[in-house]
Each structure stands twice: as C-alpha cells, then as structure tokens.
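Derivation of every value follows stated rules applied to the coordinates shown; laboratory data play no part. These numbers come from a predicted model, not from an experiment. Reconstructed Cβ throughout: ideal geometry from the backbone, glycine too, with neighbour counts over all protein chains shown.
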Amino acid sequence: MKQQKTLSIAILTSLGLAMGATSFSAQALEKGDMFMRFTATQVAPNDSSPGFSGGAVPKVGDSTTLGATFVYMINNNLGFEVLAALPFKHDITVDGLGKVGSTKQLPPTVSVQYYFNSSDKFRPYVGAGLNYTIFFNDKLTIAGNDLELDNSFGLAAQVGFDYDLNEKWFVSGDIRYIGISTTATNSALGSTDIDINPTVVSVGVGYKF
C-alpha cells in the first residue's frame, strides 16, 4: 500500500515538473501516429479467497517492475494500446505463517483509449480493454512445493494523462483496474479460487515516433 501511494504521488510530481517545462507548440495527435511509454509499474492486488481446505487463506503481495505500452492512433481521439512488462513476482502469504510461496505473472493487455484534448500538451484519457494474465514459477514452501495457478482472462479499465515536454518526449501516468481471477491448486491442500483484481499504477516517460 505504501508503494502504491508513492507511485501515485510520483504521478502528481511528474505532472507538476512537466508544467514547468519550456514552452513550445503542441503537436496534435492524428490518425496513424505511434508512440511508446516506458514506465515503473506496480501491481497492488485487491485479493480475496475462501482459502484451501484446512483454513489456509492465501494473500498475494504487491509487485513493481518495468513496463511499456505501444499506442497506435486510430483517429485523432481514439488510440489502440498494447501493454507489456517484465515479469511481476508476487509473494504469497498466510496469516500467522507469513510468506509461504511466490508466483510470477505477465499481464499482456490490449485497450482502446479515448484522448480528450488531442491537440493540447496535456492529454487526459480513459481506456478499456482485455487482459490475459499468465502465471508461472508457482511455488509453495509448505505442504510440498507444488503449486499451480490457472491463467486468467478478464476486463481492464484505466484513466491516465500524457503531458508534452517537447515535440517528441512527454511524461505519463495512469491507473488501471484489471480483473484477474485464478484457481490455485496444491497436491496436499487441494484447490481454492483467488480473485486478485489489482490496482495497477504506472508513471514514466513517452516518445512519439
């Protein structure tokens, strides 16, 4: 939670710094434009689970890594975005036992975005799309080390902004909600459903091609 607050503050700080940048003429977004964002991205689960048989309820920890998005403008206001990142590693804990395992995941997401001020330096936007989360390197340190988390398919929504520093570079920040639900299976404990449904916060810089 502290890391999530830190990234949220960083978004506001980046916006403030950007507004002090040297004046120049904004370059309007147009059909066919392409740009990338390079970000620090945190996944903060809002998880819930009924627990394994025996009462062990798993909780999924926060994770932060480097992310990137590619955007292609369909017209002056609509963009198609692809989200990618380095693997996120999440600790798995149980109350009273502490850390009992870990997992890694990749969350490729495609979204359609609407940009409200496509001709201005400051461009807020909203987006909605689809996510497919791939889990791997699942491990438990109790009840044997076997653990399997099913991959997840769900909806995603976001709000964010870009602010131009010059004709090519800009700062960026966004907050997403991603629907991620999985089933965790262990040979000794059985299986349990886990709704992870994280808040995803990103802040970084972008480049227009």
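Quick look at the values:
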| item | result |
| --- | --- |
| Linear extension gain, Asp95 paired with Glu148, 0.36 nm per residue minus alpha-carbon span | 17.0 nm |
| Charged-residue dipole, Cβ positions (Lys, Arg, Asp, Glu), the chain about Cα centre, Debye nearest 20 | 440 debye |
| Non-local Lys pairs in segment 71-209, i.e. 8 or more apart or on different chains, that have alpha carbons under 30 Å apart | 8 |
| Shape box of segment 68-209 [Cα atoms, principal axes, largest first, Å] | 58, 24, 23 |
| Trypsin sites (Lys or Arg not before Pro), loop per DSSP, at most 15 other Cβ atoms within 10 Å - longest free stretch of the chain | 32-167 |
| Positive-pole candidate from Phe136, Val110, Leu29, dipole of segment 28-151, charges at beta carbon | Leu29 |
| Inverse of mean 1/r across different Cα pairs in segment 37-87, Kirkwood, Å | 13.9 Å |
| In degrees, nearest ten, helix 2-18 long axis to first principal axis of the chain (Cα) | 10 degrees |
| Karplus 3J(HN,Hα) series, Hz, for segment 39-49 with 6.51 cos²θ - 1.76 cosθ + 1.60 (x for Gly, Pro) | 9, 8, 10, 10, 9, 10, x, 10, 8, 8, 7 |
| Cut-off under 5 Å, modelled amide H: who pairs with Ala85 long-range | Ala68 |
